[in-house]
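Nothing in this text is a laboratory measurement; each read-out follows from the coordinates by a stated rule. The model shown is predicted, which means the values in this text are computed figures rather than measured ones. Cβ placement follows ideal geometry from the backbone for every residue including glycine, while neighbour counts extend to all protein chains displayed.
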Amino acid sequence: MFGIRYLKAKPTQYVLQYKKGKLIRSGKGLSFFYFQRSSTICIVPIGSADTPFIFNEMTADFQPLTIQGQCIYRIIDPECVASMLDYTIGKGNRYTSDDPEKLPKRLINLIQVFIRTEVQKRPLKEAIHASNEISREVMKQCEQNIALSSLGVEIQSITITAIKPTPEMARALEAEAREELLKKQTNRFTNDEMLMSNKNGKSRKMSY
């Protein structure tokens, strides 16, 4: 009534109230009445959030790979984030712009750069088995990255769930693995035969 609104934020939401461009109130989980016409309200989520990713990258031996995974992050400086992206809410406490969707996209773009660097260091056969190692290296780079800290965001974990070659290359690798296994079995059988033959030869000599 008369433009007066009541806001009740969740504990995982950081609220900023502006009047005439000046910040007059801020904090997490706030509840208060405000005059809609003279106030601008921003709500920044500060709980952990996860965003999936899928990239197509090239290995050191120029083989295409598909990398799938997930990034978990949280905003640790909501006022900094709100100064760069528009988290203003309007009717129904909905965001008035698509800026809140830009933050995870920026993070994923940065993570892709780090993953590309790691993948391009490795040949195909090494890369497809290096998901844990690549995740650790990318996490280290995120922790040391100045751009991330200036965004007011903390990367909590990066998990690579799959590194897959093209279907054609996967079939070729499977065929190669089967051939290698067959060679080992053949060599083992040949060695066993030679061993048995040598034993039989010795036993005949001893009988004479």
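Taking trypsin sites (Lys or Arg not before Pro) as candidate sites, keep only those in a DSSP loop with at most 16 other Cβ atoms within 10 Å, then name the longest stretch of the chain containing none of them.
Between the exposed loop sites, the longest stretch runs 122-208.
For the pair LYS19 and ALA177, how long in nm is the line joining their label points, each one 7 Å along Cα→Cβ?
Once both label points are built, they end up 6.7 nm from each other.
Dividing the alpha-carbon Rg of the range 30-96 by 2.2 N^0.38 Å yields what?
Numbers: Rg = 19.0 Å, N = 67, 2.2 N^0.38 = 10.9 Å.
Computed over Cα atoms of the range 30-96, the ratio equals 1.75.
Could you work out the relative contact order of the range 1-139? I mean the mean sequence separation of Cα pairs under 8 Å and 6+ apart, divided by the number of residues, in percent. Working shown, then result.
On the way: 212 pairs, mean separation 26.9, N = 139.
Reported as a whole number, the value is 19 percent.
Among (i) 19.3, 61; (ii) 29.6, 118; (iii) 17.1, 60, which one is Rg and Dmax of the Cα atoms in Å computed from these coordinates?
Identified label for the calculated read-out: (ii).
Within the set LYS22/LYS140; LYS28/LYS164; LYS140/LYS183; LYS105/LYS164; LYS28/LYS102, which residue pairs have Cα atoms separated by over 30 Å?
Working: LYS22/LYS140 38 Å; LYS28/LYS164 42 Å; LYS140/LYS183 41 Å; LYS105/LYS164 23 Å; LYS28/LYS102 22 Å.
Correct reply: LYS22/LYS140; LYS28/LYS164; LYS140/LYS183.
Quick check: residue separation of GLU133 and ALA170 times 0.36 nm, minus the Cα distance between them. What number comes out in nm? Working shown, then result.
On the way: separation 37, 0.36 × 37 = 13.32 nm, distance 2.10 nm.
Net length gain for the segment: 11.2 nm.
Any idea how far apart THR161 and SER83 come out in nm if each label point goes 7 Å out from Cα toward Cβ?
In this crude label model, THR161 to SER83 measures out at 3.7 nm.
Just to verify a number: FRET efficiency for ASP99 and LYS140, C-beta to C-beta distance, R0 = 41 Å, to 0.05? Don't skip to the end; give the middle numbers.
Details: r = 29 Å, r/R0 = 0.71.
The value I calculate is 0.90.
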